[in-house]
């Protein structure tokens, strides 16, 4: 048998699932003793080059409370054309189309290699994808120009039949009509007044006039969506128009007096965007893409007043419950996020400013709807430009790497219950027999809605073993979980992906070594970290910090804005990326050998090394002291020192490779010993040498770090001590 | 061959002080009726007499208490220290010294003031006096402005106020020596010392927020609902604006107007337009939040016409197209005004809104109205509600508009009731004008509408104006009539004031006046000119004072009196039943005449109706006022018409009320060689000959009445058709034909049009045609169909009233 490592890898590749435990403790008591809960990381749309979708409807268990999908785990009586549901043991008749099946003529969903299978189904009318740009015009000229160019460029990346819309905002909010010739037309709203969805639709003229019902005539299907509205038009029809419109976009003309912030009506702008889509295209894939260059300063959702002398709330204010607008603003955005999620739309936030932009209050918009959140210093940076471009990246088959309006339905065997999920999702409140009362993450349901997802979107799903200790599971018993993800594919098709997995039960007392061997340390770290972050979000306070390792603690200490940002990504990236966030990777390049990973430790900083650090959000290239001097002396330009040139080039190439795939685009920092940007590296490394212990160590190696944080060494020592003492 | 009516009488009329009518018989009988009908005073003769006697010499204003020529007389004015009668006319130029006398006579003391009146080209505009940073010299106590009546004393170091007698130091920069008569030696160099009317350049102290104003703005706000589009109105307005924008008012020597323009269209929602010069295409911004109106743009809404010429032209081309297929029938109204107001606020300037509106605003919005028209209320106690606004919303809005200097001109195109009484509130209180074109049709009404619009846009206008009338100690301005807003009892505030707007001011005694010093009026108008200059226009007028009632009656002016009485009555209908108002009018006039009879006329039999010479036309005019649509409506008069007329009359000057109440009837078949207008004849059917063509005008309409027996040649010459039956009665202009008669008649029509502030609607009335009913309504000496008395009957009635008072 292959090693567990290989097993884990195989399973991940095939099903996009990684469990913390791959052999499951067979009773509730044992499971709780394991500390790390039984949980998995699920990447519902994991890219599978070898998985051609099948073009028919899945076969469902006929028990109304079950409705599990036929899978390779089901027992099939080919003669009687019956199959037994492996979750509820209901015996089901195959549908007529399956009349010809036999042991040698199996449908794909019964073959073991199709534990994950994707169905293309024909349901409802196909609606094109919708992209609604919501653009802040209170930007510096240069920023606005860059943003305009990015937006214009993006039009060419959209599918030709996608609908696109434009809302701009500053002191007022403008909804642009895109279909008109000659005079450009927009609807303008006050930035200070919150409007209900009904009011917004009335004011935009979207309310459908009541059609008098005529006797004797069949009612027209009321669900028939209006395919176009004046504000959302197919790209191919209006791209010239919209390009011009974007080109003519001016900075918000209202004067901003000395000592004031520009009046920015982000709250109302988002509210209108949400209302517009709600009224016109409920339950179809749509992205609201918010581009903002500063905090909302007026109206509902304002985060800070327009007086510059009152600074934006700080971490300190929030702790002291001193942040004036925070609660109201957060509530505003939460309401919007929930409405958006209910409509199956998503909100992306692209916030580019040197100062804070209020992501803390707005985070739920992206978090609950599966939207992207991208933070940068300016729209005129490659960080933003390339990240934004990457949103429209296409996968191997030329399809967008985005999907919409997904619902995830999880089914479990009787011994298991579902405790909750953590990820960019909201609960669909589907109560059922397999829902646990103990919640971990978003619980109390077996179904979640994921408004937007891409092939790397990963949810953490937590389970509870409910089997009682005194009711042992027979030897060789297996527990099963089925994940059913229905979603709108970027090609606008409706698809259903079904993943059914099974793991062995083991008695923890007699077979502890099996369980231990099947522990997935990496998955467990990420699952625990997610729980920690989730609690940090919902509970706050120092208690939570004890949960996590030092890196996570640090995560919570940075600026609030940034922490929202980091948490946002942490809660959705797949395992490898999440691990990078937890433990940055450090590579060293030198003449002493090929590039090698080194300890993330200050002792790794040596004069004759080039370091490449990847923290997920930042990529830092750091030239050691000597290397930097050589570079200044220009050795790389001399033909006899070509090898030095290559050495300099190697980390650049590697960085480029990372940059090309990472979303969001990381901050790229190129610095050297003594450079001001070197702080990015120095803040991440383990301070094995600090100003406190410098003289105890050899002077030669490494660079001292000025910090009060403890070094890993000290931390581990302490941890060991604690572990021992608590054991006694 | 045309005899002047009764012109043999004029000598008699001019030499005696009063007119004796009636018989020595004591009872009013049919025989008396004959007397009344043959001797009833003729207004045409009086006008003719005044014109021929006083029209040739200029009216020199140097003398105190001079009665000016009639408004119907063409005369020139030479300002020698008193304001021209074009600016101020009084009910009497010799006023009683005491309040008792005034009460006894019942003659109202009032001045009709038209501060920005247009002058004929032969007369000079008021000089602009610039005193630099120190501003105009004023009395320390009553703040009256320096004027010809101030008395310099102590060798010119001080001056005594002619109004309150307070002594004020002459500021050093203003000091000048006095000559031997006590006049300053610079008397003739300074308009404020030698003229009745002049202007001061205001200093920053006279400006809002102590900041010199920006030039005003004009905002054109066009209803684009279904009716407006379908009737072709929207297209017509847009076409006209393209050329009209080049004729915005400008200060005398300026190359281009300083006025900026902006555009809004609306139905249930408002569309603002960005017409910034840098744009390739105008941009439309829709505001549908009418409950909470705001202006969605700052830059590019109000622009200079020359700079944004191409963008504006493009906009005006596109507006009719954009709304060509509209299905929207509902409109809002208050939010439109609010939008204009907010735009002016944002631009920190005053200005005028030109609103073109078609229907009752029933769409859900502030100021939404319901149709509450109810003709059954006529002649009940509730009739007054028809003249009152149905909501106080517009009063508050008007107040805000006045505070910003936002004047609202309203062009209405109703096909049904649209509640002029309510819609007009803001217009009325901001000093704006209402124009109404019922059942507007481009073909027949476009000339009238376009001419009105052109005139309205081009005419001289001041903004953000405040008027204060100061008087000598002894009398006080107590009541004001006109289109304005008053937040206190003395300051008349007008967001806008144009050259046609008139304010009637009533005075009451609060002390005694003396015959020696007479009574002085000083009307000071602070306003912003069309180029944004803050100015003060001062009009001074000195009146005589008398201790004998006869002096009062000898110096009255009936036209002005009627102007006052009509405005007084028209305001009365807001609060009292119309019958009460009518009775009060009759009673007051009877008292005036009875007082004269009792105190001034030589003793004679009570059977004789004796009228003072200056008031001999009072009964006929009074009868006209009583018979007017507001006080006695005929069945064809709509509630909106009455509300419209009521507001219109309130801003009229004396000439306008004169012709409005007693229209001018001119025979057209006269000597065609003469350049002047034919002599007017009495407005009575008996004066019309079946073989003649007549013209009647009242300032709003021109009727051309064609008798059934008119010679074919005349018909051919005038209408270009061969017979009476072929004359089309829906012509709105006379055809242009190359013959002396056609030319003559058209030149008369043109001459009349020029004299009036509004373009009159031309109506062809064929004798015995159905339109003749309408025409007959204006033959005011006849009994009217709605029950109005004939001249003779009314004289008879007045006589009875007077006799009752005397007995």
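The values are calculated or read from the model by the stated rules, or taken from the named source; none is laboratory data. Since this is a predicted model, take the numbers as computed values, not measurements. For neighbour counting, all protein chains shown are included, and Cβ atoms are generated from backbone atoms with ideal geometry for every residue, glycine included.
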Item to check | Residue check, residue A:202 assigned to a helix (DSSP H, G or I), surrounded by 16 or more Cβ atoms within 10 Å (Cβ to Cβ) and either at pLDDT below 85 or more than 9 Å from every other protein chain (Cβ to nearest Cβ) (or both) | outcome: no
Next on the checklist: Can you pull out every residue in the stretch A:262-279 that is crowded, with 23+ Cβ neighbours inside 10 Å and touching a helix residue (DSSP H, G or I) at 6+ places or on another chain (Cβ under 8 Å)?
Outcome noted: A:266, A:267, A:270, A:271, A:272, A:274, A:275, A:276, A:277
Checklist entry - For the stretch B:323-353, which residues satisfy the criterion of being touching a helix residue (DSSP H, G or I) at 6+ places or on another chain (Cβ under 7 Å), farther than 19 Å from residue B:286 by Cα and not in a loop (DSSP other than H, G, I, E, B)? => result B:345, B:351
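I need a count of the residues in the stretch B:689-741 that are part of a loop (DSSP other than H, G, I, E, B) and in contact (Cβ under 8 Å) with a residue 60 or more places away in the chain.
So the answer is 9.
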Checklist entry - How do the helices (runs of 4 or more DSSP H) wholly within the stretch B:508-606 filter down when requiring 3 or more residues that are farther than 30 Å from residue B:464 by Cα and touching a residue at least 60 places away in the same chain (Cβ under 8 Å): which remain? => result B:549-554, B:578-599
Next on the checklist: Let me confirm something: among A:329, A:342, A:351, which residue is touching a helix residue (DSSP H, G or I) at 6+ places or on another chain (Cβ under 9 Å) and either at positive phi or surrounded by fewer than 24 Cβ atoms within 10 Å (Cβ to Cβ) (or both)?
Outcome noted: A:342
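Where residues in the stretch B:316-328 are under 20 Å from residue B:414 (Cα atoms) and exposed (fewer than 15 other Cβ atoms within 10 Å of the Cβ), which of them is nearest to the other protein chains (Cβ to nearest Cβ)?
The initial filter retains those residues of the stretch B:316-328 that are under 20 Å from residue B:414 (Cα atoms), namely B:320, B:323-324, B:326-328.
With exposed (fewer than 15 other Cβ atoms within 10 Å of the Cβ) added as a condition, the list becomes B:324, B:327.
Numbers: B:324: 13, B:327: 10 Å.
The qualifying residue nearest to the other protein chains (Cβ to nearest Cβ) is B:327.
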Checklist entry - Just for strands (runs of 3 or more DSSP E) wholly inside the stretch B:8-111: which have at least 1 residues that are at pLDDT 90 or above? => result B:88-90, B:94-96
Item to check | Filter result for residue B:504 (over 30 Å from residue B:221 (Cα atoms) and not in a loop (DSSP other than H, G, I, E, B)) | outcome: yes
Item to check | Conditions (1) at pLDDT below 90; (2) not in a loop (DSSP other than H, G, I, E, B); number of the one not met by residue A:79 | outcome: (2)
Checklist entry - If we keep just the residues of the stretch B:185-209 that are within 12 Å of residue B:149 (Cα to Cα) and outside any loop (DSSP other than H, G, I, E, B), which is modelled with the lowest pLDDT? => result B:187
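Looking at this structure, is residue B:159 at negative phi and modelled with pLDDT of 95 or more? Talk me through it step by step, then tell me what you get.
Working: at negative phi: yes; modelled with pLDDT of 95 or more: yes.
When the stated conditions are applied, residue B:159 passes them.
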Item to check | Residue in the stretch A:115-133 that is surrounded by fewer than 14 Cβ atoms within 10 Å (Cβ to Cβ), within 14 Å of another protein chain (Cβ to nearest Cβ) and more than 30 Å from residue A:383 (Cα to Cα) present | outcome: no
Checklist entry - What's the number of the condition residue B:339 fails, among (1) free of Cβ contacts under 8 Å to residues at least 12 places away in the same chain; (2) within 30 Å of the chain's Cα centre (by Cα); (3) within 13 Å of chain A (Cβ to nearest Cβ)? => result (1)
Checklist entry - Condition test on residue A:137, is it within 13 Å of another protein chain (Cβ to nearest Cβ) and more than 28 Å from residue A:382 (Cα to Cα)? => result no
